[in-house]
Amino acid sequence: MRFGEILLSEAEGATLAHSVKHASGLFKKGRVLSADDISTLLAAGITKVFAARFGPGDIPEDAAASAIAGVAGGEGTVAQAAFTGRANLHSTVHGLALVDVERVRALNRLHESLTLATAAQHAVIEARQMVATVKIIPFAVPRQILEKALAIVGSKPLIRVAAFRHRRAGLIITRLPQSKPSLIVKSETAMRQRISELDGELGAVLVVDHAIAAVREAIADLRRQHCDPILVFGASAIVDRGDVIPAALTAAGGEVVHLGMPVDPGNLMMYGRLDDIPVIGVPSCARSPKVNGFDWVLERVMAEVPVTREDIMDMGAGGLLAEIPTRPSPREGKSTVQRAPRVVAIVLAAGQSTRMGANKMLADFHGEPLIRHTVLSVLSWSLHNTIVVTGNEAGKITAALEGLAINIVHNADYATGLSSSLKRGLKAVPDDADAVLVCLGDMPVVEAGTVRRLIASFNRDEHRTICVPVYKGRRGNPVLWGRMHLAAMAALTGDQGARPLIEQFAGEVVEINTPHDGVVLDADTPEALAALKSRSVP
């Protein structure tokens, strides 16, 4: 790849390294310069630009990022489309991050042009949370470097998320004559909350004397009740394998896998097994909601990740928790994490089709109504929800969409124009949506890959909240709008969509160039419909 300041006479096909302002607007970083672009810049008195030119052995940043992201993630993850050389992986489950640390290091040591950042090993991950990001630093990666990176990954993913399983845990709380009832209640409350946060439930709770025979019988009782795991919260700390709780487990036919751990707080934890059931002696610090070593073990157990004595011994590096005031407690306010946006589609299908002469939504398109084909395409994009706005011949359109998992809303004022349908759709958007994708019901050949790139480009923190597809310099549909713009959209009037807002909020707009013309093809006229029918469908 050649990079640097080049003459415009040599810049056709080059990729802009920095945004360039001209008389009528701005060419943004990453734009591939066309002959028309060069004419525009020359007219503005610009003769040179900083740009990159690719050679035959260069893989463009988005292609390289997509290739790595597509194989780096395993169970419980999904790769997002690449944008500006970045491809994120998000979790599809609530669970525990499992990272092949050595191979991640090997990939990052391969070449400065590519990077992979992951969540911490054994971090608790929420559904939709970002768990890894591939970022290509320059505009392209040498082909041989990419091939070496893919060889490092091979057929075994670098990161996966083990989902927490719904498990019914049992709890034993021991007491001494001096034990306060309030301490017993506090112990149960702390365990119930921890188990619930890991998608399980605390089933049977037994309060017994702090004695070997009593604890042994309680362990056997919880085993008969199919509790898994079994937690034992002692009235006194475990200080030796011969102490009450380890001795009771052994007497019940179990084994102590490991006593103690190099994590503070949490040193005095016991990990054992009764057949296949984990039995954990809970340290007294677990009455507090603050993170301690017991949490690290419990999280693995609830995700069905094996725990060995070596695993526990290796927790010492980073195990000094008491002296880390910035470490967030999961029960005392979680830090903000990046998540995949919840995107809701609004499909506008209420118009009168005046240029068509008949309702275009009901026109035949490869053997089914046009609107059904469009909505089926939208559903294939796996969005959070799909809302279809009807108006003209609503009954027939509803019948055409029978059996589809959508939310149909009717706009009784459809004759007043497009804005009324948009408003009606916006009212149906759920409160947890981060963005809406406004789709037209007569655009059935939009590529799923284009939509994935629109979603990947959305980033509120970086002011990319209006994401517009562009085909050969022409803006198209659908357009992705961040929730912060919904009020302005709802205030629109007349027979217009939200296009005026794109100019009003120009600083929030990101254009996504696509080689697929489906974003500019609709069925406004019989001729346009005939042209659409001649096209292959996505």
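A compact table of results
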item: Estimated inter-spin distance, E112 and A211, nm [label 7 Å along Cα→Cβ]; result: 7.2 nm
item: Inter-centroid distance (Cα atoms) of the range 218-242 relative to the range 6-36, Å; result: 69 Å
item: Under-5 Å amide H pairs with H22, H placed in peptide plane, nonlocal only; result: F27
item: Point-to-point label distance, R165-A506, nm (Cα→Cβ direction, 7 Å offset); result: 5.8 nm
item: Amide N proximity, the range 385-400 versus Q352 label position 7 Å along Cα-to-Cβ, cut-off under 13 Å; result: 392-393
item: Per residue, in Å², the accessible surface of the range 139-274 once ligands and nucleic acids are set aside, probe 1.4 Å; result: 45 Å²
item: Karplus-derived HN-Hα couplings along the range 19-24 (A = 6.51, B = -1.76, C = 1.60, θ = phi - 60°), whole Hz, x at Gly and Pro; result: 5, 10, 8, 10, 4, 10
item: For the chain, calculated [θ]222 nm from helices alone, where every DSSP H run of n ≥ 4 adds -39500 (n - 2.57); result: -8000 deg cm²/dmol
item: Portion, in percent, of the accessible area of the chain that falls on carbon or sulfur, probe 1.4 Å; result: 51 percent
item: Estimated FRET transfer efficiency (M315, E147; beta-carbon r; R0 45 Å; 0.05); result: 0.75
item: Accessible area (Å², per residue) of the range 1-55, counting only protein heavy atoms and a probe of 1.4 Å; result: 59 Å²
item: Prolate/oblate/rounded call for the range 492-538, Cα gyration tensor, a/c under 1.5 rounded; result: oblate
item: Cβ-Cβ FRET estimate between E304 and T398, R0 fixed at 51 Å, reported to 0.05; result: 0.70
item: Contour excess over end-to-end distance, with Cα ends at R499 and D264 and 0.36 nm allotted per residue; result: 78.9 nm
item: Net length gained if the chain between T416 and E10 were fully extended (0.36 nm per residue, minus Cα distance); result: 141.0 nm
item: Amide N proximity, the range 17-31 versus K48 label position 7 Å along Cα-to-Cβ, cut-off under 17 Å; result: 17-21
item: Spatially proximal aspartates and glutamates relative to K290 (Cα-Cα < 13 Å; intrachain offsets below 8 disregarded); result: D264, E323, E332
item: Overall form of the range 405-538 per C-alpha gyration tensor (a/c, 1.5; a/b vs b/c); result: oblate
item: Two-site FRET efficiency, A528 against L26, from Cβ-Cβ distance with R₀ of 35 Å, rounded to 0.05; result: 0.65
item: Approximate spin-label separation A488-D461, in nm, with each point projected 7 Å along Cα-to-Cβ; result: 2.3 nm
item: Cross-link pairs beyond the 27 Å C-alpha cut-off, checked among K148/K472; K135/K423; K360/K427; K135/K427; K28/K533; result: K148/K472; K135/K423; K135/K427; K28/K533
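The values are calculated or read from the model by the stated rules, or taken from the named source; none is laboratory data. Please read these numbers as outputs of a predicted model, since none were measured by experiment. Don't worry about glycine lacking a Cβ; one is built from the backbone with ideal geometry, like all the others, and counts go over all protein chains shown. Surface areas here come from the heavy atoms of the whole protein model, side chains and all, with no ligands, DNA or RNA. Shrake-Rupley method; radii C 1.70, N 1.55, O 1.52, S 1.80 Å.
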